[in-house]
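K.L.:
The structure under discussion is supplied below as structure tokens; questions concerning it will follow.
We did not get these values from a lab; they are worked out from the coordinates using the rules stated. Just so it is clear, the model here is predicted, and its values are computed rather than measured. Neighbour counts run over all protein chains shown; Cβ positions are idealised from the backbone, glycine included.
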Amino acid sequence: MAANHLYYGDNLDILSRYIKDEAVDLIYLDPPFKSNQDYNVLFTEQNGSRSKAQIKAFEDTWQWDEGAAESYEKVVERGGSVSQALQAFRQLLGENDMMAYLSMMAPRLAELRRVLKPSGSIYLHCDSTASAHLRLLMDAVFGPNNFRNEIIWHYRRWTSRAKRFQRLHDVILFYTKGKQYYFKTLIIPYTKGSIKRKKQGVLHRFKRGEEPVLVSDRKIQSAGVPENDVWQIPFVAPSAKERLGYPTQKPEALLERVIKASSNQGDTVLDPFCGCGTTIAVAQALGRKWIGIDITPLAIALIKHRLMSAFGEEVQYEVVGEPVSLPDAKMLASQDPFHFQCWVLGLLGARPVEPKKGADKGIDGRVYFHDDSTRVTKQIIFSVKSGHVSVKDIRELAAVVAREKAQIGVFITLRTPTKSMKSEAASCGFYESPWGKRYPRLQILTTSEILDGKGIKYPPSGQVNVTFKKAQRANKDKPTKSGSLFSL
């Protein structure tokens, strides 16, 4: 059984069903709050706009409704400090989005405490919107005596004018499960200028007669000062090599600092809201085992692509919760057609798009590729159907392919296509690549065929697919830009 696991589903259900008591050494989480913000948006469209299709999975997640009220009641009925905290919050806040958020977070935090080892640590990442509320909730779950730090992540980025001070920091709440916990002191190395001044005797951190040493010597004595609770780490800029197109993507340097401080090689790191997989990628690079959970099939698809780009065959893991058979796929389609669509497109490396009136009507997904020296972006258009299908669907896709001037169209069906559908597709001819190879212009794939490993016929995807931005190849010997921190 693989040491690393990627789970698709609601983290509350996944934690209770799959993760054993005291199985995790370190937890990092960055839970979404408002569905109308950019949380869990994994990429932007070609025109720079965020993809509305990706937000759909989180619509209504944090609104006070029947589900939030039920969650609140379950927590309150269990009694204890968490119950008391939620009752106090409701008296103070009433029934609103923040109360729904806290009611949904409380049982998840309780589950995270259960799976955390006695020596384990948890880092909860949030912004000023909910940090004060979450601090009190964390006190109730983990105990105020187990609070260790309020870490300020300070960054610089372009902001709009407003009648307030510019918001350029996030908060990370660091708690442990108990008094005896694992922790490594991180050292900020002295700059060359500081070392020069030390040699000149300007600074007095050294004992008399003691010589400073360079960081490259890997010596602790006199090499730097302990890291503090304000972390100056650059925001992941849109042009950064690390950027994968996920608007709230956190820098790898930030996760490297967390993981190095509170875990050792071979320890298990858990991220229950893993998004584009930064925690997972950094844990893998640092030799940790990992568990990632996300509720969107888009996230799972992107993480798999990221791991392959960064580590190749070196990384071994098991995906749990995705459909693995035709009955599974049918069940997902009946429960949530949108998730079915995202999942099956993800198997083919395609990006879902939000159906729109007008120009994008009839397009469920796209794959972009380059196959000539001009670097002109070419595309494959997808149409996904989980219900009844007919030759009319093929004709409609052919019209969309022509309208969009796409090179290839792919029709994905959960049901078996008819002979007339296959004939209509064959009549659409071929796309001939500059390399001289011909590919059917309109292709039909059943879900069963995709599960069996059949893919799209087009120029080799390993060479030409540019649908998702590739992660940088991992280099275990090269530290992240932010810092050359090392541990004591």
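K.L.:
Give, as a single signed number, the net charge of other residues whose beta carbon lies under 12 Å from the beta carbon of Leu414, with Lys and Arg counted +1 and Asp and Glu -1.
P.N.:
Numbers: positive: Lys330, Lys385, Arg415; negative: Asp328, Glu449.
After counting each charged neighbour, the total is +1.
K.L.:
Note down the net charge around Leu307, summing +1 for each Lys or Arg and -1 for each Asp or Glu among other residues with Cβ under 11 Å from its Cβ.
P.N.:
Values: positive: Lys304, Arg306; negative: Glu313, Glu314.
Net charge around Leu307: 0.
K.L.:
To the nearest 0.05, how large is the calculated FRET efficiency for Asn264 and Leu93 if R₀ is 45 Å and r is the Cβ-Cβ distance? Before the final figure, lay out the partial values.
P.N.:
Working: r = 40 Å, r/R0 = 0.89.
Efficiency computed from Cβ-Cβ geometry: 0.65.
K.L.:
Another question about this same structure. Please list, ordered by chain and number, the residues whose modelled amide H lies under 5 Å from the amide H of Val320; skip anything fewer than 5 residues away on the same chain.
P.N.:
The list, which skips near neighbours in sequence, is Leu6, Tyr7, Tyr8.
K.L.:
Here's another thing I want to ask about it. Shape of segment 350-464 from its Cα gyration tensor (a ≥ b ≥ c, root eigenvalues): rounded if a/c is under 1.5, otherwise prolate when a/b > b/c, or oblate?
P.N.:
Working: a/c = 1.56, a/b = 1.34, b/c = 1.16.
In terms of gyration-tensor shape, prolate.
K.L.:
Can you give the FRET efficiency to the nearest 0.05 for Ala426 and Leu451, using r as the Cβ-Cβ distance and R₀ = 25 Å? List each step's numbers first, then the result.
P.N.:
Values: r = 24 Å, r/R0 = 0.95.
Between Ala426 and Leu451 the formula returns 0.60.
K.L.:
OK, next. Which distance in nm do the two modelled labels at Ser325 and Thr185 give, with both placed 7 Å along the Cα-to-Cβ direction?
P.N.:
Placing both labels 7 Å beyond Cα along the Cβ direction yields 5.7 nm.
K.L.:
Going by average Cβ density within 10 Å per residue, which order do the peptides 390-396, 86-92 take, highest to lowest? Could you put the intermediate results ahead of the total?
P.N.:
On the way: 390-396: 16.7, 86-92: 14.7.
Result, highest mean first: 390-396, 86-92.
K.L.:
If you don't mind, there's one more thing I want to ask. As a quick test, which of the pairs Lys163/Lys192; Lys330/Lys437; Lys74/Lys179; Lys20/Lys260; Lys304/Lys361; Lys392/Lys457 have an alpha carbon distance above 32 angstrom in this structure? Display every interim value, and only then the final one.
P.N.:
On the way: Lys163/Lys192 40 Å; Lys330/Lys437 35 Å; Lys74/Lys179 29 Å; Lys20/Lys260 24 Å; Lys304/Lys361 29 Å; Lys392/Lys457 23 Å.
Distance filter (> 32 Å) returns Lys163/Lys192; Lys330/Lys437.
K.L.:
Among 261-271, 179-189, how do they line up from the highest to the lowest mean number of other beta-carbon atoms within 10 Å?
P.N.:
Numbers: 261-271: 20.5, 179-189: 14.6.
So the peptides 261-271, 179-189, ranked by packing, come out 261-271, 179-189.
K.L.:
State the answer as a single residue: which of Ser334, Ser383, Ala399 lies farthest towards the positive end of the charge dipole of segment 315-455, with beta carbon charges of +1 for Lys and Arg and -1 for Asp and Glu, about the Cα centre.
P.N.:
Ala399
K.L.:
When the chain is fully extended, how far beyond the present Cα-Cα distance does Asp10 get from Val391, taking 0.36 nm per residue of separation?
P.N.:
Working: separation 381, 0.36 × 381 = 137.16 nm, distance 3.75 nm.
Fully extending the segment from Asp10 to Val391 adds 133.4 nm.
K.L.:
If you don't mind, there's one more thing I want to ask. Under the 0.36 nm per residue contour assumption, what length would be gained going from the current alpha-carbon distance of Gln335 and Lys419 to full extension? Each step should come with its number before you reach the end.
P.N.:
Values: separation 84, 0.36 × 84 = 30.24 nm, distance 2.91 nm.
That works out to 27.3 nm of additional length.
K.L.:
What's the ranking of 103-116, 276-289, 436-449, 365-378 by average number of surrounding C-beta atoms within 10 Å, highest first?
P.N.:
Taking the mean over residues of other Cβ atoms within 10 Å, the ranking is 276-289, 103-116, 436-449, 365-378.
K.L.:
OK, next. List the relative contact order of segment 350-464 as a percent without decimals, with contacts defined as Cα pairs under 8 Å and 6+ residues apart.
P.N.:
Numbers: 186 pairs, mean separation 24.4, N = 115.
Relative contact order for segment 350-464 comes out at 21 percent.
K.L.:
Next up: Note down the net charge around Glu396, summing +1 for each Lys or Arg and -1 for each Asp or Glu among other residues with Cβ under 11 Å from its Cβ. Before the final figure, lay out each step's value.
P.N.:
Details: positive: Lys361, Lys385, Lys392, Arg395, Arg403; negative: Asp393, Glu424.
Net of charged neighbours comes to +3.
K.L.:
To continue, here is another question. Tell me, in nm to one decimal, what length is gained between Val225 and Asp21 on full extension, where the rule is 0.36 nm per residue of separation less the Cα-Cα distance?
P.N.:
Details: separation 204, 0.36 × 204 = 73.44 nm, distance 3.68 nm.
Answer, rounded to one decimal: 69.8 nm.
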